[in-house]
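Working notes, beginning with the structure itself.
The values are calculated or read from the model by the stated rules, or taken from the named source; none is laboratory data. The structure presented is a predicted model; accordingly, all values stated were derived computationally and were not measured. All Cβ positions, even for glycine, are placed from backbone atoms using ideal geometry, and neighbour counts span all protein chains on display.
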Amino acid sequence: MARNKIALIGAGMIGGTLAHIAAQKELGDVVLFDIAEGTPEGKALDISQSAPVDGYDSRLRGTQDYADIAGADVCIVTAGVPRKPGMSRDDLVGINLKVMKAVGEGIAKHAPNAFVICITNPLDAMVWALQKFSGLPTNKVVGMAGILDSSRFRHFLAEEFSVSVESVTAFVLGGHGDTMVPLTRYSTIAGVPLPDMIEMGWSSQEKIDAIVDRTRKGGGEIVGLLKTGSAFYAPAASAIQMAESYLKDKKVVVPCAAYLDGQYGVNGRYVGVPIVIGEGGAERVLEVKFTEEEQAMFQNSVNAVEELVEACKKIEPSL
Ligand code: TXD
């Protein structure tokens, strides 16, 4: 049976980490594409040289030619520029929108059947633009953010409760940004909702509120520490979970930036919601009922996404 082919558009910090994890998991052969000459080739060669030690047989190559992504089953897009300290995700719109145009055209021409996972920021607007530029079906183009945001939440909760990360589930909705909506009543320790854990005296409302706040600002905290770029290990791991669920038809239910066609009262926009990922791509949206307060937070998040989409339309009237 032919191996799967995974095309990574952007071979920077996240792209390189994606290549490493995809190869180690033998998800398929990996093509790293980047406009920076030498970077994708160098990373492909370096990772290939770790394969004999680790014992995997994925083939990796680097390229500057879109023709080399031909027939890719999955494309993961990180091309663009990341944040530097002091920048918001929204400051990236102008530069990264142009990048999405080139990437969308490249994918449409060479890998139109791929499942496309966009990571480039500002995520909810870039994935929307990428779907438009590429013309691929909306169920085949999704954005990665929610898994990362909920994984950050889970990490902080596991520390707070002194339990395994495996025993913590978390539910984060909305756009990827400071308006994201962590739903504490759907977040659990081994199935026990956080409000019940507070009632049982395992933590306090203040502590959980502080964790929610830290989760919202989780990306900025790392930018502030790294100074030269943004997070890459956890973002890469999160996107790999999406790719794996598609390639293996696992049907994991995870929060992703998905195209909404009326669900949650949103039309024609990408917003972070729980979806089922399987062989059909984004197969189904899980539509939970909100409390009034959650609805207001979600709407606030949707409004922030809408503002970014409007900014994109001003820059690129063809959208
Ligand atoms: O949750 C999330 N979605 C995110 C998003 C979490 C963390 C970071 N997130 C965003 O991912 C971040 O704000 C950036 O927009 C992307 C990629 O982050 P990364 O840290 O990998 O950035 P790098 O190291 O700068 O890599 C970007 C690469 C770099 O090698 C450039 O040469 C390349 O993109 N690049 C391009 N490749 C192909 N085609 C074009 N046009 C292009 N322009 C730049």
For Leu157, are the conditions met, namely being surrounded by fewer than 16 Cβ atoms within 10 Å (Cβ to Cβ), assigned by the TED database to the domain that holds Ala296 and under 24 Å from the mean Cα position of the chain (by Cα)?
no
Quick count over region 259-282, residues being buried (at least 16 other Cβ atoms within 10 Å of the Cβ) and farther than 15 Å from Phe171 by Cα, is 11
State which residue is modelled with the highest pLDDT when the search covers only region 80-94 and only residues that are of a type outside the set (D, E, K, R) and farther than 11 Å from Met126 by Cα.
Val81
So which helices (runs of 4 or more DSSP H) are wholly in region 167-241 and hold at least 1 residues that are within 23 Å of Met87 (Cα to Cα) and in the same structural domain as Val309 (by the TED database)?
205-216, 218-226
Is one or more of the residues making up region 21-38 at pLDDT below 95, under 18 Å from Ala236 (Cα atoms) and within 17 Å of the chain's Cα centre (by Cα)?
no
Criterion (within 17 Å of Gly174 (Cβ to Cβ), exposed (fewer than 13 other Cβ atoms within 10 Å of the Cβ) and away from the ligand (no atom under 16 Å from the Cβ)) met by exactly one of Glu306, Glu293, Glu287, Glu206
Glu293
Of those in region 115-140 that are of a type outside the set (Ser, Thr, Tyr), within 9 Å of the ligand (Cβ to nearest atom) and not in a helix (DSSP H, G or I), the residue nearest to Gly71 (Cα to Cα) is Cys118
Please verify whether region 145-166 includes one or more residues that are of a type in the set (Asp, Glu) and within 14 Å of the ligand (Cβ to nearest atom).
yes
Please identify the pairs in which a residue from region 185-211 that is under 20 Å from Gln295 (Cα atoms) has its Cβ atom under 9 Å from the Cβ atom of a residue that is among the aromatic types (Phe, Trp, Tyr) and assigned to a helix (DSSP H, G or I), counting only partners at least 6 apart or on another chain.
Ser187/Phe153; Pro193/Tyr186; Leu194/Tyr186
Quick test for you: out of Lys43, Lys25, pick the one residue that is over 15 Å from Ile117 (Cα atoms), among the basic types (Lys, Arg) and touching a Ser or Thr at 6+ places or on another chain (Cβ under 9 Å).
Lys25
Find the residue count for region 223-260, including only residues that are within 9 Å of the ligand (Cβ to nearest atom) and under 14 Å from the mean Cα position of the chain (by Cα).
9
